[in-house]
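Shown next, in structure tokens, is the structure this report addresses.
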Amino acid sequence: MSFPATHPALSRALIEREYTTPTPVQKAVVEEEAEGRDLLVSAQTGSGKTIAFGMAMADTLMEGAETLGRAGDPLALIIAPTRELALQVQRELSWLYHYAGARIVSCVGGMDPGRERRELADGAHIVVGTPGRLRDHLERRALKVTSLKAVVLDEADEMLDMGFREDLQFILETTPETRRTLLFSATLPKAIVTLATHYQKDALRIAAKGDTAGHADIEYRVVRIAGNKIERAVVNLLRFMDPPGALVFCNTRNAVRHMEAQLTERGFSCVALSGELSQSERNHALQALRDGRAKVCVATDVAARGIDLPSLSLVIHADLPNDAQVMQHRSGRTGRAGKKGVSVLLVPPSRRRKAEEMLGRARVTATWGNAPSAEEIRKVDHERLLHNPILTTPASEDELALADELLKASDPRAVAAAFVKMYRAGLPAPEDIEEEVPFQPRGDRVPREHKHREPREASPRERTPREHGPREHAAREHKDHKPREYTPRHEGSREERGSKPGGMEGGVWFRLNVGRERKADPKWLLPEICRQGEVTKKEIGAIRVFETETLFQVAPGAVEKFSELVTARKKGGVRILPARDQTGESHGRPYGEREVADKVSGAPRPEGEPRADFHGKKKFDAKPDFQARKPDGGDKPFTGKKFAGKKFGDKKFGGKKFGKPGGGYKGKNPRTPGA
């Protein structure tokens, strides 16, 4: 299939670049029904969108002329999300519009804005830039858009994800209403469709992608690896596949720096790309990849957007991407322009489920396997050495003469061994990766009910922190005290526990004087209940936490003993009392409100029930545990207001400030009066 008819100047440039077969999106944008209309195009990354919108706006810009003529105010404005993508679009359009005489100016962040303003003042046919820099030039009146005939939004979904919505709206609202608006995006979420309805007129929607969301020219692989061996897996993958260009993705800048240092230390020619680099450093790194001086690029998601490297054939996700769209954008850096590529995800066991869900959302079929071992890499090196082009390429007369001299002066085997040493010296050493326990994708794993786990014998050292308190220590020394047996909550049938999950038939309800306001949680309430009532977890049913109290069930056989033990307990902040009713529902009125009403009305407080202050916020026992000494040597309960006749806080205690906000007392330690 030859390229469809387009402007003669563009056809000449395409022929020189040996473009013979158009991609689906390139063919769709120049069909008769798309001529002169606004376009809403969804096409995968690397499907030739730049050439597509360059061809689509050619007739609008040229208007039948052979060339564009003298440059003045811009005729087309192209907006891209990142600097790299904008500069890439500028390079592509430069050769595409070369014979049309187009002058193309870029306006991107990180470059000299003064130089860009001078170039705009000299005139331009096409302006390519990022949203922030273009808005800055518009506000400074350096960029004039009154003559625009076409506006192109490239990778619109990424621009919205990166927070450029306001900038895009500002730019589009300043452009003429008669313009053509071409919107290109890898995906068409609701936000993109809404943007299109506001700024496009009678747009033709083109979906230039196949039945699957994944790119057809990209092979997806999943490598199972332990979390602490990610770097070794990256090294072995690079050595095993030996790509002409590879891109390794990490999620953070620190991870990029660490990975780049590790690969460089092992002998790889490597560069890094992250948001902390200046534009000149980024350009230098990308140029090193294009020139072949570097073969591996370690980058973050944002830094790698818009990168187009012809030799890139391998993408490694050292850190799993956040979602399926990010994975597709990463993988789309390879498999471009009809070339094949490989995308490898490194998945530790803890991230297996996330990887499966992400591949499922992307509708991608991946091959699961292990990282290449050192032995496999040595076998591949052996095969590559035997088929090395240096052995099959014809030698010159001078080289053959020197070879004869070497063979006369040295043993042929020694010469061949020297060649092997030189070949291996330039290769990074493979890493030894121990065999990991393989895990299977979700569809192949053994069902949960078929697995059996042997019960583990509890260690004598495994005891709750509460067991080390003074009361528990005394209880353990009591002659009648027996060690409590731990029984998992889920043991027993549904009928034994009750009709509801966690319920219990015939269970008696008790209540605790703590609720959500005191951060009650069954994780620490259950051990406390078992400790106070000397019951096991199996004898406790449902636990329901309310605002000011917690209700729980006790098995009928343990109620009598449980009730005696908790009633005899007179001290402690967490108190257990019989429930007001046996429905398992709270009366709804907090303790504080009821006790305040009782206090105002003069009603006596029920014996054994905790007291509350007048506001119902704090609860403490009738007899405080802490006793403070009077000045005369007697004992006086500590009330929190006075101590030995002196007030805390602003008053002096023993001649020194005591209880000063922000840091204790100053000076020497005061002596306790009466001591």
Cα-Cα longer than 32 Å, checked against Lys144/Lys339; Lys190/Lys523; Lys229/Lys295; Lys49/Lys144; Lys190/Lys354; Lys144/Lys295, kept in input order, equals Lys144/Lys339; Lys190/Lys523; Lys144/Lys295
Between Thr60 and Thr20, the two model label points (7 Å from Cα along the beta-carbon direction) sit apart by a distance in nm of 3.2 nm
Segment 8-208: spread of alpha-carbon positions along the three principal axes, whole Å, largest first, is 42, 40, 30
Taking Cα pairs closer than 8 Å and at least 6 residues apart, the relative contact order of segment 218-378 in percent is 39 percent
Sorting Pro189, Ala13, Val128 by the position of each Cα along the dipole of segment 8-208 (Lys, Arg +1; Asp, Glu -1; all at Cβ), the one nearest the positive end of that ordering is Val128
With +1 at each Lys and Arg Cβ and -1 at each Asp and Glu Cβ, the charge dipole magnitude of segment 218-378 around its Cα centre, to the nearest 20 debye, comes out at 280 debye
Along segment 278-285, Karplus-curve 3J(HN,Hα) (6.51, -1.76, 1.60; θ = phi - 60°) to the nearest Hz, with x for Gly and Pro, reads 6, 5, 5, 5, 5, 4, 5, 5
Whole-Å distance linking the alpha carbon centroid of segment 67-145 with that of segment 223-252 is 38 Å
If amide H atoms are modeled at 1.01 Å from N in the peptide plane, then the residues at a separation of 5 or more from Asn370, or on another chain, having amide H under 5 Å from its own are Arg224
Descending packing, highest mean Cβ count within 10 Å first, for 14-21, 171-178 is 171-178, 14-21
Non-local residues with an amide H under 5 Å from the amide H of Leu314, with H modelled 1.01 Å from N and Pro and chain starts lacking one, are Gly245, Leu247, Val342
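Ranking His387, His317 by Cβ neighbours within 10 Å, fewest first, what do you get? Mind showing how you got there, number by number?
Working: His387 8, His317 23.
Going from least to most buried by this count: His387, His317.
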Under the Karplus relation with 6.51, -1.76 and 1.60 and θ = phi - 60°, whole-Hz ³J(HN,Hα) for segment 362-375, x at Gly and Pro, equal 7, 6, 10, 9, 10, 9, 8, x, 9, 5, x, 8, 5, 5
At q = 0.15, 0.17, 0.20 Å⁻¹, the log10 of I(q)/I(0) for segment 108-257 from a Debye sum over equal Cα scatterers comes to -0.96, -1.06, -1.24
1/(1 + (r/R0)^6) with r = Cβ-Cβ of Arg424 and Glu397, R0 = 25 Å, i.e. FRET efficiency to nearest 0.05, evaluates to 0.30
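Give the order of Trp524, Trp368 when sorted by the count of other beta carbons within 10 angstrom, beginning with the fewest.
Final ranking by Cβ density, sparse to dense: Trp524, Trp368.
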Ordering 75-88, 419-432 by per-residue average of other C-beta atoms within 10 angstrom, highest first, gives 75-88, 419-432
Between Arg384 and Lys339, Cβ-based FRET efficiency (R0 25 Å, step 0.05) works out to 0.75
Fewest-first ordering of Ile543, Ile316 by Cβ atoms within 10 Å yields Ile543, Ile316
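Just so you know, all these numbers are worked out from the coordinates, no wet-lab data involved. Keep in mind that what you see is a predicted model, and the values were worked out from it rather than measured. When we count neighbours, we look across all protein chains shown, and the Cβ atoms used for this are built from the backbone with ideal geometry, even at glycine.
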